[in-house]
Every structure is written in C-alpha cells, then in structure tokens.
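First comes the structure, then the notes that go with it.
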Amino acid sequence: MWWIWVALLLIVAAAAFGAALWRFSEKVVGIKVWDEKRIIQFETDIGVLDPAYLEALPKEDVAITSPYGYALSGWFIPCGTDSNKTVILAHGVTRSRMSSIKYVELFRKRGFHVLAYDHRRHGKSGGASTTYGFYEKEDLRAWVDWVYRRMGPGAVVGTHGESMGAATVLQHAAVDDRVRFCIADCPYSGIVGQLIYRLKVEYPRFPVVPTIPLVAMICRLRSGARLDLAESLRSLPLPGTPVLFIHGQEDKYIEKRMTEEMFQLKQGTKRLYLAPGADHAEAYMKNPDEYNRIVGEFLQEAGVLGG
C-alpha cells in the first residue's frame with residue numbers, strides 16, 4: 001500500500017507546482033497595472049511631474065486600432081512650430097503614458113512633436129495580455145503608421161522607451177526601418193533572461209529548469225505570445241538605426257549588464273549613458289541636466305536636429 005501514498009504525494013506535489021506555475025504566469029502576462037491616479041501621484045511625489053504642467057499641455061486625444069483588433073489610446077502633443085519631426089514615447093510595464101510625460105520637454109524644445117501612448121492592456125488601451133514586446137512592437141508600428149499619415153511622407157520619426165517600453169522600441173526598430181533614432185532607457189535584452197533573473201532574486205528555491213520553460217509555455221497558451229522571441233538582442237546590430245542606450249548604475253530590477261551587452265553588439269551610430277546613483281528608471285530623475293545634455297548630443301549625432 002505504500003506506493004499508493006507515494007503516488008498521492010506526487011499528485012499533490014505536482015498539483016501544487018502546477019498552481020504555482022499558473023500564478024507565476026499571471027504575474028507575467030496578467031501583471032497588475034497601476035491606475036492613472038496612482039501613477040500621477042507617484043510621478044509627482046518623486047519630483048518628475050507637475051500636475052499643472054500636465055493639465056496645461058496641448059494634448060490631442062488619438063485612438064487607433066491595433067493590428068490585433070483592440071483599441072490603442074494616446075496623446076499627440078504638438079511642439080508649437082511647423083515641424084515634420086515626431087518622437088513616440090513608450091512607457092514601462094504596469095504604468096501608462098503618464099509616466100512618459102517627464103520626457104516630453106526634452107523633445108518639444110528641440111522641435112519635436114510628441115506622441116505618448118498606452119501599451120496594450122495599460123491605461124486606456126485594450127488587449128488581454130502583456131507580452132513584453134512580442135505584440136507591443138507591432139502596436140508601435142501602427143503608431144508610426146499614424147504619424148506618417150498625420151505628418152506626410154517626409155516625416156522624421158524617432159522612439160524613446162523606458163523599461164518594457166525600451167525593449168519594445170528596440171524590437172520594433174528591427175522590423176521598421178522608418179525609425180530615424182531610438183532611445184532605450186533601462187531595457188532588458190530578453191524577457192526570458194529577465195524572468196530567470198527575477199526568479200533567482202525573488203524565488204531562489206525554485207529551479208530555473210523546468211520553472212521558466214513551463215511558465216513560458218503557459219504564457220503562450222494564455223496569450224499566444226512566444227516570450228523567447230520578445231528579445232531585444234534579436235534586434236541588433238541595427239546598423240542603420242542610431243541608438244542611445246541608458247541605464248542606471250544602481251539598477252536592481254533589470255541588470256545593467258543587459259544594456260552593456262546590447263551596446264557592444266550594436267553596430268553603427270550608438271551611445272551609452274550609465275546614470276550615476278540611479279536605480280531602475282531613475283536616470284532622468286537623478287540626473288536631469290546630464291540626461292538632457294546627452295539626449296541633445298545624441299540627436300545631433302543622429303542627424304535629426306536642425307532643418
């Protein structure tokens with residue numbers, strides 16, 4: 001009879017492990033997102049957003065349809081001059097376009113209109129899952145299409161992303177050569193590698209194998225996304241797209257080695273800025289003047305200033 005008890009214990013253990021894997025997948029493709037009020041309060045509290053400035057911005061509501069059928073929502077913010085240049089801002093996971101507002105004046109004062117939008121399943125956009133660039137890069141391509149319809153065939157379009165947004169703009173640049181420059185602030189080089197890193201930090205008792213492959217499989221069943229293809233490294237060397245890589249020296253959420261590795265692989269025009277004293281997505285907050293200077297110099301190197 002002992003084997004019956006062993007079999008029951010194995011069944012219970014397998015069921016518990018399966019439940020844990022499902023919860024892990026929920027934290028990936030179903031990660032809880034912040035509401036607008038919380039994001040505004042957070043950005044205000046850390047000193048990078050003035051609610052009065054946000055209220056006064058000349059924001060034009062824009063809605064388009066994703067290639068996957070759901071609604072995407074954003075703001076078009078004109079720079080106040082007759083310019084053919086637009087930068088598209090992509091926010092990080094759990095946040096919304098509100099987290100992109102701190103970057104708006106970096107570009108408006110240099111003659112760029114700004115398009116700040118909500119990723120799928122964030123803010124006012126639709127979509128059932130978060131896929132870390134797999135679907136998001138195609139949504140970004142749809143936003144580039146919109147800018148060209150708005151600005152005409154002579155449009156100059158660049159992208160700036162933070163965290164997941166940074167990984168998305170890199171993945172997008174690999175499939176859309178219309179982008180004239182790309183700024184990637186604290187990106188991961190691949191979401192599977194990032195999940196492995198977070199597993200070791202947050203759940204050190206769980207083995208990487210088979211945990212991560214099984215979670216990736218469950219995520220694919222739930223969302224249709226292949227997370228192993230949501231990999232910024234696949235976007236490099238991107239020889240024709242100037243890229244500014246930014247990462248906090250003290251980033252504890254995404255290792256800066258990921259950015260350093262991508263910088264080494266990137267060919268063509270590139271620049272690397274490791275922000276002193278900055279944790280994850282804090283490069284601008286900790287060093288606003290230096291961030292502004294480096295962005296300006298990079299845009300000059302990319303040949304998109306003036307004219």
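The values are calculated or read from the model by the stated rules, or taken from the named source; none is laboratory data. Everything numeric here is computed off the predicted structure, so don't read it as measured data. Counting neighbours? That spans all protein chains shown, and the Cβs are built from the backbone with ideal geometry, glycine included. Note: accessible area is taken over every heavy atom of the protein model, side chains too, but ligands, DNA and RNA are not part of it. Shrake-Rupley method; radii C 1.70, N 1.55, O 1.52, S 1.80 Å.
Normalised Debye scattering of the chain at q = 0.08 Å⁻¹ gives log10 I(q)/I(0) of -0.36, counting only Cα atoms as equal scatterers and leaving out solvent. For Cys79, the residues 5 or more places off, or on other chains, whose built amide H falls under 5 Å of its own are His113, Val114.
On a straight-distance basis, which aspartates and glutamates could pair with Lys37 in a cross-link, Cα separation under 13 angstrom, same-chain partners fewer than 8 positions away excluded? Cα-Cα hits under 13 Å: Asp45. Taking the centroid of alpha carbons for each part, region 222-238 and region 129-165 are 16 Å apart.
Per-residue surface analysis assigns Tyr53 an accessible area of about 70 Å², computed on protein heavy atoms at 1.4 Å probe radius.
A simple packing score, the average count of other Cβ atoms within 10 Å per residue, orders the peptides 193-205, 111-123 as 111-123, 193-205, with the highest score first. Diffusion of region 143-301 by Stokes-Einstein, at 4 °C in a medium of 1.567 mPa s and with Rh set to the Kirkwood radius over alpha-carbon pairs, works out to 78 µm²/s. Take every DSSP beta bridge whose two residues both sit in the chain; close to 25 percent of them are antiparallel.
Give the shape of region 14-74 as rounded, prolate or oblate, defined through the alpha-carbon gyration tensor: a ≥ b ≥ c are the square roots of its eigenvalues, a/c under 1.5 means rounded, and otherwise the shape is prolate if a/b is larger than b/c and oblate if not. Oblate. Across Ala173, Ala128, Ala225, mean-square fluctuation computed from a Gaussian network of the chain (C-alpha pairs under 10 Å connected) peaks at Ala128.
Packing order of peptides 32-42, 76-86, 252-262, highest average first: 252-262, 76-86, 32-42 (average count of other Cβ atoms within 10 Å over each peptide's residues). Assuming charge only on the beta carbon of Lys and Arg (+1) and of Asp and Glu (-1), the dipole of the chain about its Cα centre is about 620 debye to the nearest 20. Can you give the calculated 222 nm mean residue ellipticity of the chain, where each DSSP H run of n ≥ 4 adds -39,500 (n - 2.57) and the sum is split over every residue, rounded to the nearest 500 deg cm²/dmol? Theoretical 222 nm ellipticity from helices: -13000 deg cm²/dmol. Each 5 Å bin from zero up to the one holding the largest Cα-Cα distance in region 51-132 carries the following percent of pairs: 3, 15, 25, 24, 17, 10, 5, 1.
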